[in-house]
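Accompanying notes for the structure given below.
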Amino acid sequence: SGTTPLTAITFSGNDVEAAGTVTANNVFTDFIDRGTRSTTTNVDWSASAYHEIGTSTSNFAITFTNEPASGKFGQIMIMIQNSVTGGVSLTWPSEVKWSGGVKPLTPSAPLAEQLYQFFTVDGGTNVYGAVVGQNFA
């Protein structure tokens, strides 16, 4: 029906590589709800493409692990929701390169939400970050 059949499929651990044309419909992923955090929080790229983190009244750091291997494209989204009081500051990994070269401010309004998007193609040596949306209502 006008499509090219797959010419090769390779399995390696949890990875599948396909050569040819692959079409996926209705692809969904689980998300990780990290709950309310006040200490260093690890975001595991291999666990999910979407993570939610609530903040307490403390500032804290976010770390990354299990970024995809160099030469593979990896992308994650992180939704941060401020605590009831707001005003929390996040420390991001040093490998994050921000859109415009400036780390975005975490919204200070109570219960404000901010969605971040990150991607890498070099095994996490450089992770490119951007704010996708702020103060969803």
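Miscellaneous remarks
- Within the range 110-137, considering residues that are at negative phi and among the aliphatic types (A, V, I, L, M), the one modelled with the lowest pLDDT: Ala137
- Taking (1) over 30 Å from Ser12 (Cα atoms); (2) touching a residue at least 24 places away in the same chain (Cβ under 8 Å) in turn, Ser38 satisfies each apart from (2).
- Extreme residue, nearest to Gln81 (Cα to Cα), among residues of the range 119-134 that are without any contact (Cβ under 8 Å) to a residue 40 or more places away in the chain and out of contact with any Ser or Thr (no Cβ under 8 Å at 6 or more places or on another chain): Gln134
- Number of the condition not met by Ser58 [criteria: (1) at pLDDT 85 or above; (2) under 19 Å from Leu111 (Cα atoms); (3) of a type in the set (S, T, N, Q)]: (1)
- Test: residue in the range 78-96 that is assigned to a strand (DSSP E or B) and touching a His at 6+ places or on another chain (Cβ under 7 Å): yes
- Members of the range 80-126 found to be out of contact with any Gly (no Cβ under 9 Å at 6 or more places or on another chain) and either buried (at least 17 other Cβ atoms within 10 Å of the Cβ) or within 17 Å of Trp45 (Cβ to Cβ) (or both), listed by number: Val88, Leu90, Ser94, Thr125, Asn126
- Test: Val121 is outside any strand (DSSP E or B) and β-branched (Val, Ile, Thr): no
- Within the range 27-46, considering residues that are acidic (Asp, Glu) and either farther than 23 Å from Ala69 by Cβ or in a strand (DSSP E or B) (or both), the one most open to solvent (accessible area, probe 1.4 Å): Asp33
- Residue in the range 96-110 that is closer than 16 Å to Pro68 by Cα and within 18 Å of the chain's Cα centre (by Cα) present: yes
- Members of the range 47-77 that are within 16 Å of Arg34 (Cα to Cα), free of Cβ contacts under 8 Å to residues at least 24 places away in the same chain and not in a strand (DSSP E or B): Ala47
The values are calculated or read from the model by the stated rules, or taken from the named source; none is laboratory data. Keep in mind that what you see is a predicted model, and the values were worked out from it rather than measured. We place every Cβ from the backbone using ideal geometry, glycine too, and count neighbours over all the protein chains shown. Side chains included, ligands, DNA and RNA excluded: accessible areas come from the protein's heavy atoms. Shrake-Rupley method; radii C 1.70, N 1.55, O 1.52, S 1.80 Å.
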